[in-house]
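Note sheet for the following structure.
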Amino acid sequence: GSVIALVPAAGRGERLGADAPKAFVPVGGTPMLGLTVRGLMAAGVVDEIIVMVPAQLVEATAALLPPAAPARIVAGGAERTDSVRAGLAYAGAAAHVLVHDAARALTPPDLIARVVAELRAGRPAVVPALPVVDTVKSVDTAGRVTGTPDRSALRAVQTPQGFAADVLRRAYEHPESATDDAGLVERLGIDVHTIPGDPLAFKITTPLDLRLAEAVLDGKQV
Ligand code: C5P
């Protein structure tokens, strides 16, 4: 069955503090979205890419993608979940769907291929995950610590997150919000499987992340 990648790129990127929406900010001279689409193509396992951008940028985006990209550009929504839902409407033919943040512009193609391999092996939901390096605490609204979960049981999750298409569609039938797609799938009671993530799949979120990404690209041929 075919694999369709949904790329949410409709965020404003306020934490990055740039003039342009985050996915359009250049890294090493190429807009993040262009690098992300190039990475998906290089993985060799994605049949079609659907990119969700701010409505006013739909027309202008094509020029930022690699010329031969098998991509369709559509308008995203107010929240990330709205953007993914908008893209999912165009994923009719897919057997498997990847959801991959435009902001994870340096994701190694090999990680994308590993997620798809797990889907092809029959897993309904697959997410890349890394151990957390910091101790994580829960706090109340006043900032008082309410708990310290056991760090060894925690993982920081990345994208691409991969799903059997019918599973992701069912997850998005409910009007709930979540910070990742697997979160909605978990609520259906479906097993979500983790595979080892990759530090290079980090999400470019802050000005420091952008400098880190520039430095990584500087040190390698692109
Ligand atoms: O805000 P955050 O860093 O979690 O965004 C993750 C990804 O989701 C980014 O690539 C961003 O462009 C995208 N996004 C979106 N639509 C929104 C908000 C975020 O496509 N309304």
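Observations
- Sparsely packed trypsin sites (Lys or Arg not before Pro) within the range 78-179, loop by DSSP, other Cβ within 10 Å at most 12: 137, 144
- Neighbour-limited loop hits for trypsin sites (Lys or Arg not before Pro), the range 181-222 (at most 10 other Cβ within 10 Å; DSSP other than H, G, I, E, B): 220
- Taking every DSSP helix (H) stretch of at least 4 residues in the chain, weighting each as -39,500 (n - 2.57) and dividing the sum by the residue count yields a mean residue ellipticity at 222 nm of -7500 deg cm²/dmol.
- Electrostatic dipole magnitude of the chain [Cβ: Lys, Arg +1; Asp, Glu -1; Cα centre; debye, to 20]: 160
- When only alpha carbons are used to place a centre, the range 154-213 and the range 85-119 end up 10 Å from one another.
- Label point 7 Å beyond Cα of residue 208 along Cβ direction - residues of the range 131-175 with amide nitrogen under 13 Å: 134
- Between residue 120 and residue 59, the contour length at 0.36 nm per residue exceeds the Cα-Cα span by 18.5 nm.
- The protection proxy used here, the mean number of other Cβ atoms lying within 10 Å of each residue, ranks peptides 29-37, 55-63 as follows, highest first: 29-37, 55-63.
- Relative contact order %, the range 121-175, counting alpha carbon pairs below 8 Å whose residues are six or more apart: 45
Values in this text are rule-based calculations from the coordinates and carry no lab data. Fair warning: this is a prediction, and the values are worked out from it, not measured in the lab. We place every Cβ from the backbone using ideal geometry, glycine too, and count neighbours over all the protein chains shown.
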